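Readers should treat all values here as calculations from the given coordinates under stated rules, not as data from a laboratory. Values in this document were obtained by computation on a predicted structure and should not be read as measured data. With ideal geometry, Cβ positions are generated from the backbone for all residues, glycine too; neighbour counts draw on all protein chains shown.
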Amino acid sequence: MNVPDNHVVSEGRSLRAAIDAAAEKLGVPAALVEHKIDLAHFRSAQGTGIGSDTVKIYAWPKQAAPPASPAVNDAEKWARELLSGMGIQGQVRSAGQGNTVSVLLDAGESAPFLVGKRGITVRAIQYLLGESMKERYAGTNFQVDIAGGGARDDGPRRDEDRGPRRDDDRGPRRDDDRGPRRDDGPRRDDDRGARRDDRGPRRDDDRRPPRRDDDRGPRRDDDRRDRRPSRRDDEEELKKLARRLAQKVLETGEPQMIRRDMNAYDRRVVHVEVGAIEGVRTRSVGEGPDRRVEILLAEEGSENAES
C-alpha cells in the first residue's frame, strides 16, 4: 500500500471514529486528513474475508492544493454562470492536469436533468464550454462531469402507457358487419354447371417464375447479425460488469476498478447499480478522460459517490 512516510495508523468503531483519532494524532482538523483503509484488517491469515467490529486506516495530512490556472478559473466561472442562468442550485469544482481542465457540476436532484437522456445534455454542455474557451486557451481540452441525484429514468415505453387494449371500446370486428360470407351456403354444382378439370394451369402460375432467394441476396435477418450492439445493450453489459465486480469485492474485500472509458452517464449507471447492493459502495477517481469508477466495501455512514 502506497502511503506517505508521515502517515499514522488509527482504529475506530467506524471510519469517522478512525479519522477523528488520526486527526488527533496528526494535530490537524479531521477535514484535512487523507486516509486509506487497511483491507488486511478484514482478512484472515489464510486470505479469506472476515468480519470486524472496527475499521483500521492509514492516515496523513492533506497537502495544500496548487494555485489554479487561469483556464481552470475561467471554466469554473463559466459553469457557475450556466447553472445560474438555468435556475439550478449547485456546486462547481474544477481542476487542471496538463492540458486538460475538468469541471464537476454537483447539481443535487437536478443532476439527471443535466446529464440528459443517454448523456446528450452533458455532452452538449461540454461542447459549449470548449467552444467558449477555445480562443483564449487553444490546445486545452475541457471535460465536464455531473454529480448528485439519481440516474435518469427514461420513463416507461410508449406501449406501457397505452393500457390494455379493449376490444369492447373499438366496437365489433369488421367481419361481423359484412354479412354472411359467400361460402356460407352449400355449394351447388348443379347451378354452376359441372366443374371443369380441363381448365389448364392457374393464371398465377403464368405470371412470374418461381422466386429464387439467391437472386434477392441474403435475407435482412442475416444483415442484422453484423450490426453493432445498441446503446441499451452496452448499458446492460455495463450493469452486469458492475454487479460481477461488486460480488468480487464482497468475496475478497479488495477494491475493484472499472477501467473501461465511461462518460458521466455511464458512471452514473454504475453508481446506481452498485448502490442497490448491500455491503459495497462506489467512488469516482481520477480527472478528465482518466476518470474511473472504483467499487469497494461499504463503510459505516458512507454514501455512494455519483460523479
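Here are the numbers:
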item	result
Any hit, region 92-102, residues being touching an Asp or Glu at 6+ places or on another chain (Cβ under 8 Å) and within 24 Å of Glu254 (Cα to Cα)	no
Test for Val72: is it over 30 Å from Asn6 (Cβ atoms), under 29 Å from the mean Cα position of the chain (by Cα) and of a type in the set (Val, Ile, Thr)	no
Output for region 40-73, where each listed residue is outside any strand (DSSP E or B) and closer than 28 Å to Ser102 by Cβ	Lys62, Gln63, Ala64, Ala65, Pro66, Pro67, Ala68, Ser69, Pro70, Ala71, Val72, Asn73
